[in-house]
1. Which residue is surrounded by the fewest Cβ atoms within 10 Å (Cβ to Cβ), if the candidates are limited to the range 21-55 and must be of a type in the set (A, V, I, L, M, F, W, C), farther than 15 Å from Leu405 by Cβ and touching a Leu at 6+ places or on another chain (Cβ under 7 Å)?
2. With respect to Ala346, is the statement that it is in a helix (DSSP H, G or I), surrounded by 21 or more Cβ atoms within 10 Å (Cβ to Cβ), among the small types (Gly, Ala, Ser) and in the same structural domain as Gln7 (by TED's automatic domain parsing) true?
3. Just wondering, is there one or more residues in the range 66-76 that are charged (D, E, K, R), surrounded by 13 or more Cβ atoms within 10 Å (Cβ to Cβ), over 23 Å from Asn399 (Cβ atoms) and in contact with a strand residue (DSSP E or B) (Cβ under 9 Å, 6 or more places away or on another chain)?
4. Identify the single condition in (1) of a type in the set (Ser, Thr, Tyr); (2) out of contact with any Phe, Trp or Tyr (no Cβ under 7 Å at 6 or more places or on another chain); (3) surrounded by fewer than 20 Cβ atoms within 10 Å (Cβ to Cβ) that Thr362 does not satisfy, given that it satisfies every other one.
5. Among the residues of the range 292-317, which ones are within 50 Å of the chain's Cα centre (by Cα), surrounded by 15 or more Cβ atoms within 10 Å (Cβ to Cβ) and either basic (Lys, Arg) or outside any loop (DSSP other than H, G, I, E, B) (or both)?
6. Out of all the residues in the range 284-313, which are among the small types (Gly, Ala, Ser) and over 19 Å from Gly341 (Cα atoms)?
7. With the condition being aliphatic (A, V, I, L, M), over 30 Å from Asp174 (Cβ atoms) and in the same structural domain as Gly168 (by TED's automatic domain parsing), I'd like the helices (runs of 4 or more DSSP H) fully within the range 70-152 carrying at least 1 qualifying residues.
Amino acid sequence: MKNTLRQVFHSSKFVVGFVIFVAILLTMIVYPLINPGNPLEMIGVGTFAKPGTYVSLYDATKTPTETLRLSDAGDKRLAKLLSDEDRVAMVEWFTAMGIDVEGLDISDTDALLELWRANYDPSAKPKGMTQARRNYYKRLNNSIASINASETLIIAEKNDAGELEEQGQITTTDYVNVRQVANVKALPLGTDNFGRDVLKELVSAAGTSIIIGLIAGAVATLVGLTLGLLSGYVGGLVDDIIMFVTNIFTVIPGFVLLILISYSIGQEQRGATVVALVIGLTSWTWTTRSVRSQVISLRNRDHVNLSKLSGHSLVRIIITDILPYIASYVVMAFILQVSSGILAEAQLSLLGLGPRTTEVPTLGLMMNWAMLYSAHTNGSWWAYFPVILTITLISFSLNLMNTGLDQVFNPTLRD
(Lines give C-alpha, C1' and ligand atoms only; values in the text may rest on other atoms or scores of the structure.)
Protein backbone atom coordinates (compact mmCIF):
# COMPACT_ATOMS: atom_id res chain seq x y z
CA MET A 1 0.00 0.00 0.00
CA LYS A 2 2.78 2.44 0.92
CA ASN A 3 4.62 1.62 -2.28
CA THR A 4 1.44 2.24 -4.31
CA LEU A 5 0.86 5.62 -2.64
CA ARG A 6 4.50 6.52 -3.23
CA GLN A 7 4.12 5.75 -6.92
CA VAL A 8 0.88 7.74 -7.14
CA PHE A 9 2.35 10.86 -5.53
CA HIS A 10 5.40 10.62 -7.77
CA SER A 11 3.09 11.35 -10.71
CA SER A 12 3.33 15.09 -11.39
CA LYS A 13 -0.07 15.18 -13.08
CA PHE A 14 -1.79 13.52 -10.14
CA VAL A 15 -0.07 15.84 -7.66
CA VAL A 16 -1.08 18.99 -9.58
CA GLY A 17 -4.68 17.82 -9.87
CA PHE A 18 -4.74 16.77 -6.23
CA VAL A 19 -3.37 20.13 -5.04
CA ILE A 20 -5.96 22.08 -7.06
CA PHE A 21 -8.81 19.92 -5.76
CA VAL A 22 -7.63 20.12 -2.14
CA ALA A 23 -7.26 23.91 -2.48
CA ILE A 24 -10.89 24.10 -3.62
CA LEU A 25 -11.99 21.91 -0.70
CA LEU A 26 -10.03 24.01 1.81
CA THR A 27 -11.61 27.18 0.44
CA MET A 28 -15.05 25.62 0.90
CA ILE A 29 -14.21 24.81 4.53
CA VAL A 30 -12.31 27.94 5.57
CA TYR A 31 -14.21 30.74 3.82
CA PRO A 32 -17.57 30.08 5.58
CA LEU A 33 -15.70 30.45 8.89
CA ILE A 34 -14.37 33.85 7.79
CA ASN A 35 -17.62 35.02 6.25
CA PRO A 36 -20.45 33.08 7.92
CA GLY A 37 -24.11 33.43 7.09
CA ASN A 38 -26.73 32.32 4.60
CA PRO A 39 -25.26 32.32 1.07
CA LEU A 40 -28.73 33.05 -0.32
CA GLU A 41 -29.19 36.18 1.82
CA MET A 42 -30.12 39.18 -0.33
CA ILE A 43 -27.91 42.03 0.85
CA GLY A 44 -28.32 44.23 -2.23
CA VAL A 45 -31.47 46.13 -3.13
CA GLY A 46 -30.40 46.51 -6.75
CA THR A 47 -28.94 43.85 -9.00
CA PHE A 48 -25.41 43.07 -10.17
CA ALA A 49 -23.42 45.38 -7.87
CA LYS A 50 -19.86 45.57 -9.19
CA PRO A 51 -16.97 43.93 -7.30
CA GLY A 52 -15.35 46.23 -4.77
CA THR A 53 -15.44 47.51 -1.22
CA TYR A 54 -18.61 49.32 -0.17
CA VAL A 55 -18.59 51.98 2.56
CA SER A 56 -21.73 53.16 4.33
CA LEU A 57 -22.11 56.78 3.22
CA TYR A 58 -24.29 57.48 6.26
CA ASP A 59 -21.61 56.22 8.66
CA ALA A 60 -18.79 57.86 6.67
CA THR A 61 -20.26 61.35 7.29
CA LYS A 62 -20.31 60.62 11.02
CA THR A 63 -16.72 59.38 11.14
CA PRO A 64 -13.91 61.69 12.38
CA THR A 65 -12.14 63.36 9.46
CA GLU A 66 -8.57 64.32 8.72
CA THR A 67 -7.40 67.03 6.30
CA LEU A 68 -5.23 65.75 3.44
CA ARG A 69 -4.04 67.82 0.49
CA LEU A 70 -3.32 65.29 -2.24
CA SER A 71 -1.80 66.72 -5.42
CA ASP A 72 -3.64 64.42 -7.82
CA ALA A 73 -7.02 64.44 -6.05
CA GLY A 74 -8.47 67.11 -8.31
CA ASP A 75 -7.39 65.35 -11.49
CA LYS A 76 -8.91 62.08 -10.35
CA ARG A 77 -12.12 63.88 -9.40
CA LEU A 78 -12.35 65.45 -12.85
CA ALA A 79 -11.63 62.15 -14.61
CA LYS A 80 -14.32 60.42 -12.56
CA LEU A 81 -16.98 63.06 -13.22
CA LEU A 82 -16.32 63.09 -16.97
CA SER A 83 -16.68 59.62 -18.44
CA ASP A 84 -15.54 58.77 -21.95
CA GLU A 85 -19.17 58.91 -23.10
CA ASP A 86 -19.55 62.42 -21.65
CA ARG A 87 -16.41 63.62 -23.40
CA VAL A 88 -17.61 62.29 -26.75
CA ALA A 89 -21.02 63.90 -26.15
CA MET A 90 -19.36 67.28 -25.48
CA VAL A 91 -17.55 67.07 -28.82
CA GLU A 92 -20.86 66.21 -30.50
CA TRP A 93 -22.41 69.35 -29.02
CA PHE A 94 -19.51 71.49 -30.24
CA THR A 95 -19.93 70.02 -33.73
CA ALA A 96 -23.69 70.60 -33.71
CA MET A 97 -23.10 74.25 -32.77
CA GLY A 98 -20.50 74.70 -35.52
CA ILE A 99 -17.59 75.16 -33.11
CA ASP A 100 -14.18 74.20 -34.46
CA VAL A 101 -12.84 71.17 -32.54
CA GLU A 102 -9.98 70.33 -34.87
CA GLY A 103 -6.95 69.19 -32.88
CA LEU A 104 -8.96 68.85 -29.64
CA ASP A 105 -7.84 65.92 -27.53
CA ILE A 106 -10.81 64.67 -25.47
CA SER A 107 -8.40 63.15 -22.95
CA ASP A 108 -7.13 66.68 -22.20
CA THR A 109 -9.63 67.49 -19.45
CA ASP A 110 -8.53 71.09 -18.90
CA ALA A 111 -8.77 72.02 -22.59
CA LEU A 112 -12.12 70.28 -22.95
CA LEU A 113 -13.60 72.06 -19.92
CA GLU A 114 -12.23 75.42 -20.99
CA LEU A 115 -13.86 75.09 -24.41
CA TRP A 116 -17.12 73.93 -22.84
CA ARG A 117 -17.38 76.78 -20.34
CA ALA A 118 -16.60 79.31 -23.04
CA ASN A 119 -19.21 78.06 -25.52
CA TYR A 120 -22.01 76.12 -23.81
CA ASP A 121 -25.37 77.92 -23.77
CA PRO A 122 -28.27 76.17 -21.98
CA SER A 123 -30.79 78.06 -24.10
CA ALA A 124 -29.23 76.98 -27.39
CA LYS A 125 -31.21 74.58 -29.55
CA PRO A 126 -28.91 72.88 -32.05
CA LYS A 127 -30.65 71.78 -35.21
CA GLY A 128 -31.94 68.21 -35.09
CA MET A 129 -31.27 67.74 -31.35
CA THR A 130 -34.16 66.36 -29.28
CA GLN A 131 -35.39 67.85 -26.02
CA ALA A 132 -34.25 64.77 -24.13
CA ARG A 133 -30.73 65.19 -25.50
CA ARG A 134 -30.69 68.91 -24.57
CA ASN A 135 -31.77 67.97 -21.03
CA TYR A 136 -28.83 65.54 -20.91
CA TYR A 137 -26.44 68.39 -21.73
CA LYS A 138 -28.01 70.56 -19.03
CA ARG A 139 -27.41 67.83 -16.45
CA LEU A 140 -23.88 67.40 -17.73
CA ASN A 141 -23.30 71.16 -17.41
CA ASN A 142 -24.57 71.08 -13.81
CA SER A 143 -22.12 68.27 -13.02
CA ILE A 144 -19.29 70.26 -14.57
CA ALA A 145 -20.31 73.32 -12.54
CA SER A 146 -20.11 71.28 -9.35
CA ILE A 147 -16.48 70.39 -10.06
CA ASN A 148 -15.31 73.74 -8.75
CA ALA A 149 -17.37 73.47 -5.56
CA SER A 150 -15.01 73.30 -2.59
CA GLU A 151 -17.54 71.96 -0.08
CA THR A 152 -20.80 70.05 0.28
CA LEU A 153 -23.39 70.93 2.90
CA ILE A 154 -25.16 68.35 5.05
CA ILE A 155 -28.79 69.43 5.53
CA ALA A 156 -31.34 67.83 7.85
CA GLU A 157 -34.90 68.53 8.95
CA LYS A 158 -34.95 70.66 12.09
CA ASN A 159 -38.45 69.79 13.36
CA ASP A 160 -41.76 68.26 12.41
CA ALA A 161 -42.59 71.34 10.36
CA GLY A 162 -39.95 70.28 7.89
CA GLU A 163 -37.65 73.25 8.38
CA LEU A 164 -34.10 72.57 7.20
CA GLU A 165 -30.88 73.55 8.85
CA GLU A 166 -27.21 73.04 8.13
CA GLN A 167 -25.71 70.12 10.07
CA GLY A 168 -22.19 70.18 8.72
CA GLN A 169 -19.86 70.71 5.80
CA ILE A 170 -17.70 68.32 3.81
CA THR A 171 -14.79 69.92 1.99
CA THR A 172 -12.69 68.48 -0.80
CA THR A 173 -9.79 68.01 1.62
CA ASP A 174 -11.76 65.96 4.19
CA TYR A 175 -10.82 62.28 4.39
CA VAL A 176 -11.92 59.45 6.67
CA ASN A 177 -10.04 56.31 7.65
CA VAL A 178 -12.01 53.39 6.22
CA ARG A 179 -11.17 51.30 9.28
CA GLN A 180 -13.02 53.81 11.44
CA VAL A 181 -16.23 53.66 9.41
CA ALA A 182 -18.83 51.58 11.22
CA ASN A 183 -20.05 49.60 8.21
CA VAL A 184 -17.71 48.51 5.42
CA LYS A 185 -18.47 45.51 3.22
CA ALA A 186 -15.98 43.94 0.83
CA LEU A 187 -17.59 42.19 -2.14
CA PRO A 188 -14.69 40.73 -4.16
CA LEU A 189 -17.14 39.36 -6.75
CA GLY A 190 -19.98 41.84 -6.29
CA THR A 191 -23.61 40.71 -6.11
CA ASP A 192 -25.81 38.71 -8.45
CA ASN A 193 -29.22 39.49 -9.93
CA PHE A 194 -30.86 38.91 -6.55
CA GLY A 195 -28.40 41.14 -4.69
CA ARG A 196 -26.55 38.21 -3.07
CA ASP A 197 -22.83 38.06 -2.33
CA VAL A 198 -21.47 36.13 -5.33
CA LEU A 199 -18.29 34.91 -3.58
CA LYS A 200 -20.16 33.51 -0.58
CA GLU A 201 -22.70 31.97 -2.94
CA LEU A 202 -19.96 30.55 -5.17
CA VAL A 203 -18.17 28.82 -2.28
CA SER A 204 -21.42 27.26 -1.07
CA ALA A 205 -22.43 26.30 -4.61
CA ALA A 206 -19.07 24.62 -5.28
CA GLY A 207 -19.47 22.55 -2.11
CA THR A 208 -23.00 21.48 -3.06
CA SER A 209 -21.97 20.60 -6.61
CA ILE A 210 -19.03 18.54 -5.38
CA ILE A 211 -21.34 16.68 -2.97
CA ILE A 212 -23.74 16.02 -5.85
CA GLY A 213 -20.80 14.77 -7.92
CA LEU A 214 -19.59 12.49 -5.11
CA ILE A 215 -23.04 10.97 -4.55
CA ALA A 216 -23.68 10.55 -8.27
CA GLY A 217 -20.18 9.11 -8.77
CA ALA A 218 -20.58 6.68 -5.87
CA VAL A 219 -23.97 5.46 -7.11
CA ALA A 220 -22.86 5.10 -10.73
CA THR A 221 -19.62 3.37 -9.77
CA LEU A 222 -21.31 1.01 -7.29
CA VAL A 223 -24.04 -0.01 -9.76
CA GLY A 224 -21.61 -0.33 -12.65
CA LEU A 225 -19.09 -2.27 -10.55
CA THR A 226 -21.68 -4.71 -9.19
CA LEU A 227 -23.24 -5.43 -12.58
CA GLY A 228 -19.86 -5.58 -14.31
CA LEU A 229 -18.46 -8.09 -11.77
CA LEU A 230 -21.52 -10.33 -12.00
CA SER A 231 -21.70 -10.15 -15.78
CA GLY A 232 -18.00 -10.76 -16.34
CA TYR A 233 -17.50 -13.53 -13.79
CA VAL A 234 -20.78 -15.50 -13.85
CA GLY A 235 -21.34 -15.23 -17.62
CA GLY A 236 -24.05 -17.24 -19.35
CA LEU A 237 -27.67 -16.13 -18.90
CA VAL A 238 -26.74 -13.61 -16.20
CA ASP A 239 -24.27 -11.97 -18.57
CA ASP A 240 -26.86 -11.90 -21.38
CA ILE A 241 -29.51 -10.25 -19.19
CA ILE A 242 -27.17 -7.64 -17.73
CA MET A 243 -25.70 -6.76 -21.11
CA PHE A 244 -29.17 -6.58 -22.65
CA VAL A 245 -30.23 -4.00 -20.05
CA THR A 246 -26.90 -2.19 -20.39
CA ASN A 247 -27.24 -2.01 -24.17
CA ILE A 248 -30.74 -0.55 -23.85
CA PHE A 249 -29.45 2.22 -21.59
CA THR A 250 -26.49 2.72 -23.92
CA VAL A 251 -28.71 3.19 -26.99
CA ILE A 252 -30.89 5.77 -25.23
CA PRO A 253 -28.93 9.06 -24.96
CA GLY A 254 -28.05 9.38 -21.28
CA PHE A 255 -28.63 13.11 -21.03
CA VAL A 256 -32.06 12.85 -22.71
CA LEU A 257 -33.02 10.15 -20.20
CA LEU A 258 -31.71 12.35 -17.39
CA ILE A 259 -33.85 15.27 -18.61
CA LEU A 260 -36.99 13.13 -18.81
CA ILE A 261 -36.54 11.70 -15.33
CA SER A 262 -35.74 15.09 -13.77
CA TYR A 263 -38.75 16.67 -15.46
CA SER A 264 -41.08 13.91 -14.26
CA ILE A 265 -39.96 14.28 -10.63
CA GLY A 266 -41.13 17.88 -10.35
CA GLN A 267 -39.48 21.01 -8.98
CA GLU A 268 -40.52 20.61 -5.33
CA GLN A 269 -39.14 17.07 -5.04
CA ARG A 270 -35.83 17.83 -6.77
CA GLY A 271 -33.42 18.33 -3.91
CA ALA A 272 -29.65 18.09 -4.32
CA THR A 273 -29.61 14.44 -3.17
CA VAL A 274 -32.44 13.43 -5.50
CA VAL A 275 -30.71 15.05 -8.48
CA ALA A 276 -27.46 13.28 -7.55
CA LEU A 277 -29.22 9.89 -7.38
CA VAL A 278 -30.89 10.47 -10.75
CA ILE A 279 -27.55 11.38 -12.33
CA GLY A 280 -25.89 8.33 -10.79
CA LEU A 281 -28.64 5.94 -11.90
CA THR A 282 -28.39 7.11 -15.51
CA SER A 283 -24.60 7.07 -15.92
CA TRP A 284 -23.44 3.59 -14.89
CA THR A 285 -23.43 1.89 -18.29
CA TRP A 286 -19.86 2.57 -19.44
CA THR A 287 -18.53 1.54 -16.03
CA THR A 288 -20.40 -1.76 -16.30
CA ARG A 289 -19.03 -2.53 -19.75
CA SER A 290 -15.47 -1.60 -18.78
CA VAL A 291 -15.50 -3.62 -15.54
CA ARG A 292 -17.00 -6.60 -17.37
CA SER A 293 -14.18 -6.61 -19.92
CA GLN A 294 -11.59 -6.43 -17.11
CA VAL A 295 -13.22 -9.31 -15.19
CA ILE A 296 -13.43 -11.53 -18.28
CA SER A 297 -9.65 -11.27 -18.64
CA LEU A 298 -9.20 -12.25 -14.96
CA ARG A 299 -11.77 -14.99 -14.34
CA ASN A 300 -9.70 -17.83 -15.82
CA ARG A 301 -6.39 -17.00 -14.16
CA ASP A 302 -4.72 -19.60 -12.00
CA HIS A 303 -5.40 -17.97 -8.63
CA VAL A 304 -9.12 -17.67 -9.47
CA ASN A 305 -9.30 -21.31 -10.59
CA LEU A 306 -7.53 -22.32 -7.40
CA SER A 307 -10.17 -20.52 -5.34
CA LYS A 308 -12.90 -22.33 -7.28
CA LEU A 309 -11.29 -25.69 -6.58
CA SER A 310 -10.98 -24.76 -2.91
CA GLY A 311 -14.74 -24.33 -2.75
CA HIS A 312 -14.77 -20.62 -2.00
CA SER A 313 -18.08 -18.82 -2.48
CA LEU A 314 -18.86 -16.56 -5.40
CA VAL A 315 -18.80 -13.44 -3.21
CA ARG A 316 -15.43 -14.34 -1.69
CA ILE A 317 -13.84 -15.06 -5.07
CA ILE A 318 -15.06 -11.76 -6.51
CA ILE A 319 -14.00 -9.71 -3.46
CA THR A 320 -10.65 -11.33 -2.69
CA ASP A 321 -9.42 -12.66 -6.04
CA ILE A 322 -10.83 -10.28 -8.68
CA LEU A 323 -11.69 -6.94 -7.11
CA PRO A 324 -8.14 -6.14 -5.86
CA TYR A 325 -6.82 -6.48 -9.42
CA ILE A 326 -9.26 -3.90 -10.77
CA ALA A 327 -9.30 -1.61 -7.72
CA SER A 328 -7.14 1.02 -9.41
CA TYR A 329 -9.46 1.05 -12.40
CA VAL A 330 -12.49 1.40 -10.11
CA VAL A 331 -10.90 4.42 -8.41
CA MET A 332 -10.23 6.04 -11.78
CA ALA A 333 -13.79 5.31 -12.90
CA PHE A 334 -15.11 6.89 -9.70
CA ILE A 335 -13.07 10.07 -10.28
CA LEU A 336 -14.42 10.38 -13.81
CA GLN A 337 -17.96 9.72 -12.61
CA VAL A 338 -17.64 12.53 -10.03
CA SER A 339 -16.49 14.93 -12.73
CA SER A 340 -19.31 13.82 -15.03
CA GLY A 341 -21.83 14.22 -12.21
CA ILE A 342 -20.80 17.82 -11.58
CA LEU A 343 -21.05 18.66 -15.28
CA ALA A 344 -24.41 16.86 -15.59
CA GLU A 345 -25.84 18.91 -12.70
CA ALA A 346 -24.65 22.12 -14.34
CA GLN A 347 -26.30 21.12 -17.62
CA LEU A 348 -29.57 20.20 -15.91
CA SER A 349 -29.67 23.43 -13.92
CA LEU A 350 -29.02 25.50 -17.04
CA LEU A 351 -32.21 23.95 -18.45
CA GLY A 352 -34.11 24.69 -15.23
CA LEU A 353 -34.22 21.01 -14.21
CA GLY A 354 -31.68 21.12 -11.38
CA PRO A 355 -32.26 21.18 -7.61
CA ARG A 356 -34.99 23.48 -6.31
CA THR A 357 -33.75 27.02 -5.92
CA THR A 358 -34.93 27.75 -2.38
CA GLU A 359 -32.53 25.57 -0.39
CA VAL A 360 -28.90 25.65 -1.51
CA PRO A 361 -27.11 27.14 -4.53
CA THR A 362 -25.23 24.99 -7.01
CA LEU A 363 -22.83 25.99 -9.77
CA GLY A 364 -25.45 25.13 -12.37
CA LEU A 365 -28.12 27.19 -10.62
CA MET A 366 -25.80 30.21 -10.51
CA MET A 367 -25.27 29.88 -14.26
CA ASN A 368 -29.03 29.57 -14.76
CA TRP A 369 -29.75 32.73 -12.73
CA ALA A 370 -27.07 34.68 -14.59
CA MET A 371 -28.47 33.57 -17.94
CA LEU A 372 -32.09 34.37 -17.02
CA TYR A 373 -31.16 37.90 -15.98
CA SER A 374 -28.89 38.49 -19.00
CA ALA A 375 -25.66 38.94 -17.08
CA HIS A 376 -23.72 37.98 -20.21
CA THR A 377 -25.29 40.81 -22.23
CA ASN A 378 -25.13 43.63 -19.69
CA GLY A 379 -21.46 43.16 -18.83
CA SER A 380 -21.94 41.59 -15.39
CA TRP A 381 -19.10 39.10 -15.88
CA TRP A 382 -18.69 38.46 -12.15
CA ALA A 383 -22.07 36.69 -12.05
CA TYR A 384 -21.06 33.89 -14.42
CA PHE A 385 -17.34 33.89 -15.26
CA PRO A 386 -16.15 32.79 -11.75
CA VAL A 387 -18.72 29.97 -11.94
CA ILE A 388 -17.36 28.80 -15.29
CA LEU A 389 -13.82 29.03 -13.94
CA THR A 390 -14.73 27.01 -10.83
CA ILE A 391 -16.41 24.26 -12.87
CA THR A 392 -13.39 24.18 -15.16
CA LEU A 393 -10.91 23.94 -12.27
CA ILE A 394 -12.84 21.15 -10.55
CA SER A 395 -13.18 19.11 -13.75
CA PHE A 396 -9.59 19.83 -14.76
CA SER A 397 -8.21 18.74 -11.37
CA LEU A 398 -10.24 15.51 -11.34
CA ASN A 399 -9.30 14.59 -14.89
CA LEU A 400 -5.65 15.41 -14.19
CA MET A 401 -5.74 13.08 -11.16
CA ASN A 402 -7.29 10.38 -13.32
CA THR A 403 -4.59 10.80 -15.98
CA GLY A 404 -1.89 10.57 -13.31
CA LEU A 405 -3.37 7.37 -11.92
CA ASP A 406 -3.64 5.93 -15.41
CA GLN A 407 0.07 6.57 -15.97
CA VAL A 408 0.89 4.79 -12.71
CA PHE A 409 -1.32 1.71 -13.11
CA ASN A 410 -1.48 1.27 -16.89
CA PRO A 411 1.63 -0.71 -17.96
CA THR A 412 1.49 0.63 -21.51
CA LEU A 413 1.80 4.23 -20.27
CA ARG A 414 4.59 3.78 -17.74
CA ASP A 415 7.91 5.45 -18.43
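The values are calculated or read from the model by the stated rules, or taken from the named source; none is laboratory data. Just so it is clear, the model here is predicted, and its values are computed rather than measured. Note that each Cβ is placed from the backbone with ideal geometry, even for glycine, and that neighbours are counted across all protein chains shown.
1. Out of the qualifying residues, it is Ile24.
2. Answer is yes for this residue.
3. Looking through the range 66-76, none of the residues is charged (D, E, K, R), surrounded by 13 or more Cβ atoms within 10 Å (Cβ to Cβ), over 23 Å from Asn399 (Cβ atoms) and in contact with a strand residue (DSSP E or B) (Cβ under 9 Å, 6 or more places away or on another chain).
4. With (1) of a type in the set (Ser, Thr, Tyr); (2) out of contact with any Phe, Trp or Tyr (no Cβ under 7 Å at 6 or more places or on another chain); (3) surrounded by fewer than 20 Cβ atoms within 10 Å (Cβ to Cβ) applied to Thr362, the lone miss is (3).
5. Listed by number, the residues that qualify are Arg292, Gln294, Val295, Ile296, Arg299, Val304, Ile317.
6. Just the residues of the range 284-313 that are among the small types (Gly, Ala, Ser), to begin with: 290, 293, 297, 307, 310-311, 313.
If the condition is that a residue be among the small types (Gly, Ala, Ser) and over 19 Å from Gly341 (Cα atoms), then Ser293, Ser297, Ser307, Ser310, Gly311, Ser313 are the ones that fit.
7. Of the helices (runs of 4 or more DSSP H) lying wholly inside the range 70-152, those with at least 1 residues that are aliphatic (A, V, I, L, M), over 30 Å from Asp174 (Cβ atoms) and in the same structural domain as Gly168 (by TED's automatic domain parsing) span 84-96, 109-119, 131-145.
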